[in-house]
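S.K.: Just passing along the structure, written as structure tokens.
The values are calculated or read from the model by the stated rules, or taken from the named source; none is laboratory data. Being a predicted model, the structure only gives us computed values, none of them experimental. Every residue, glycine among them, receives a Cβ derived from its backbone with ideal geometry; neighbour counts consider all protein chains shown. The area values use the complete protein model at the heavy-atom level, side chains included, leaving out ligands, DNA and RNA. Shrake-Rupley method; radii C 1.70, N 1.55, O 1.52, S 1.80 Å.
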Amino acid sequence: MNTPAPRAAKVTPISGFPEYLPAERIVEQYFLDVIRETFELHGYPSIETRAVEPVDRLLGKGGDADKEVYGVTRLAGDEDEDAGEVEFGLHFDLTVPFARYVLENAGRLSFPFRRYQIQKVWRGERPQEGRYREFTQADIDVVDVGELSSHYEAEIPLVMAEIFAKLPIGRMTIQVNNRKIPEGFYRGIGIDDITGTLRIVDKLDKVGPEKVQAMLEEAGCSSEQGEQCLALAAIRTEDLGFVEQVRALGVEHPTLDEGLEALSRVIRTGMENAPGALVADLKIARGLDYYTGTVYETQLEGYESWGSFCSGGRYDALASDGRNTYPGVGISIGVSRLLGLLLGKGLLTASRSTPACVLVAVNDEEGRPESTRIATALRSRGVPCEVAPKPAKFGKQIRYAERRGIPYVWFPGAAEDGGDQVKDIRSGEQVDATPEAWQPPAEDLRPQIQRREG
């Protein structure tokens, strides 16, 4: 009796978990290389933390963390385990695990301690354009014991400004505020619920001023207080002019003075070292409760509706062991979020879908060892290449290279004297060459990242 062949299982994509094709992955790797190299240029060493943290630690950091955390459990637990209790969760950012890392390793770290992390992060969000359940973040932070010098709040966004200047993405604007400014301002006009007011104002870009005004009044603010909050949030300058504009609103409070002074230092440093990259934007608040000072958000010019691709801020009490407090400041690039826009809109592409610069042709299977020897010699000199999979007609081998964007095909023994030749399949030029001496132009050695205008 014939047994029917099993039916192939249907593969169903899972939304919110981006996977890139090879050419897109080349773009991603280029971004990660630029980010990593720039972090290291500024003296940040790399660490990697585990993917999971205790759920109670993740849920203790305010904001909407309880809605974002993925719990981690075994499918089959022991009999004495509480099946309904979830002990661990996947981290939803890199700052919370970093704080825990500092506490665990404080005795072996030198302070002020700086580090970078480039890792996957998981959030239980509804997948949509630019929003993922699994994505890559790239963070830098500086922490110290007891007290952190304020100059780091000015220096850390300069690292990001340098990265954005290197990437082929157009102009990125880093919007900077200091949470002491709205806190002092709100207290100066008689508002006590600082956190609630900050969260409402933080929705300004999403819902607009009219809805924010209504939400403020629903939360207990008077009409006049709501208007004053919106007036503060409307201030945005590329220089120190924001100070005078805030003073013109006629509100006085010591915390407001501290915030204006701190933000002035950041903007002044930006004006001196990265002109035009940093702007004072007083509507920026950040939703997480642990931010206490300078806060950052970043928008790509022309795509402001996508929101922030890079954000962070100062925190004074995220990490504490009961004896010592470890204040810090950090900023993070949403790498997957940024690439989701650039790749999704076709704004960036790679010149080829493989690192290979050369395809070494195979005349016949008996000649494959010679093709492998040539490839080995080229690779030893840093020329990426691959050997043709089959000894097909040369026309087919050339088409194989064309489909992958490989610019050169190497033909063993093609020269009149029995030596080799290499062909630029774009121009058709074919010349004599030896694997010990031939070198492609620098722009062909690695895939190039090409920007298209949107």
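S.K.: Taking every eigenvalue of the Cα gyration tensor of the chain, multiplying by 5 and rooting it, what semi-axes result, largest first, whole Å?
M.R.: On the way: eigenvalues 515, 155, 95 Å².
The three semi-axes for the chain are 51, 28, 22 Å.
S.K.: What FRET efficiency would be calculated for the residue pair residue 206, residue 10, taking the C-beta separation as r and a Förster radius of 35 Å, to the nearest 0.05?
M.R.: Values: r = 37 Å, r/R0 = 1.07.
After rounding to 0.05, the efficiency reads 0.40.
S.K.: Ok, one more. In whole Å, what is the distance between the alpha-carbon centres of region 364-420 and region 256-304?
M.R.: 54 Å
S.K.: Over 5 Å intervals from 0, what percent of Cα-Cα pairs in region 411-454 sits in each interval?
M.R.: 5, 17, 21, 22, 13, 8, 5, 4, 3, 1, 0
S.K.: Now a separate question. Residue 85 to residue 187: FRET efficiency via 1/(1 + (r/R0)^6), r the Cβ-Cβ distance, R0 45 Å, to the nearest 0.05?
M.R.: Details: r = 41 Å, r/R0 = 0.91.
Efficiency, rounded to the nearest 0.05: 0.65.
S.K.: Another question, then. Given a Förster radius of 56 Å and the C-beta distance between residue 437 and residue 249 as r, what FRET efficiency does 1/(1 + (r/R0)^6) yield to the nearest 0.05?
M.R.: The computed FRET efficiency comes out at 0.20.
S.K.: List the pairs from 166/345; 67/180; 10/345; 10/67; 67/345 whose alpha-carbon separation is above 25 Å, in the order I gave them. Working shown, then result.
M.R.: On the way: 166/345 20 Å; 67/180 27 Å; 10/345 29 Å; 10/67 31 Å; 67/345 29 Å.
Going by Cα-Cα distance, 67/180; 10/345; 10/67; 67/345 fall outside the 25 Å limit.
S.K.: Please give the peptides 182-190, 373-381, 322-330 ranked by average Cβ packing (other Cβ atoms within 10 Å per residue), highest first, as a rough proxy for protection. Walk me through the numbers on the way to the answer.
M.R.: Details: 182-190: 20.7, 373-381: 16.7, 322-330: 19.0.
Peptide ranking by packing, descending: 182-190, 322-330, 373-381.
S.K.: Quickly work out the residue 129-to-residue 234 label distance, labels modelled 7 Å from Cα along the C-beta direction, and quote it in nm with one decimal.
M.R.: Going from the residue 234 label point to the residue 129 one covers 3.0 nm.
S.K.: A further question follows. Return the distance in nm (one decimal) between the two label points of a simple spin-label model at residue 396 and residue 37, each offset 7 Å from Cα along Cα→Cβ.
M.R.: Result for the modelled spin labels: 4.0 nm.
S.K.: For region 342-351, what does the Karplus curve 6.51 cos²θ - 1.76 cosθ + 1.60, with θ = phi - 60°, yield as ³J(HN,Hα) per residue in whole Hz, taken in order and with x for Gly and Pro?
M.R.: In residue order, the calculated couplings are 5, 7, x, 8, x, 7, 10, 8, 9, 5 Hz.
S.K.: Moving on. How much length is gained on full extension from residue 365 to residue 429, taking 0.36 nm per residue of separation minus their Cα-Cα distance? Write down the numbers at each step before the final one.
M.R.: Working: separation 64, 0.36 × 64 = 23.04 nm, distance 2.64 nm.
Taking 0.36 nm per residue and subtracting the Cα distance, the gain is 20.4 nm.
S.K.: Let me ask something additional. Given just the C-alpha atoms of region 379-454, how large is their convex hull per residue in cubic angstrom?
M.R.: 120 Å³
S.K.: Calculate, axis by axis, the spread of Cα positions in region 210-321 along the three principal axes, and write the results as whole Å, longest axis first.
M.R.: 42, 40, 35
S.K.: For region 344-406, with all protein chains present and a 1.4 Å probe, just round the carbon and sulfur fraction of the accessible area to a whole percent.
M.R.: Numbers: 1630 of 3060 Å².
That fraction is 53 percent.
S.K.: Given the alpha-carbon gyration tensor of region 86-226, what are the semi-axes of its equivalent ellipsoid in whole angstrom, ordered largest first, with each equal to the square root of 5 times an eigenvalue?
M.R.: Working: eigenvalues 197, 94, 74 Å².
Semi-axes (√(5λ), whole Å): 31, 22, 19.
S.K.: Extension gain residue 448-residue 265, at 0.36 nm per residue separation less the Cα-Cα distance, in nm?
M.R.: Values: separation 183, 0.36 × 183 = 65.88 nm, distance 3.84 nm.
Stretched out fully, the residue 448 to residue 265 stretch lengthens by 62.0 nm.
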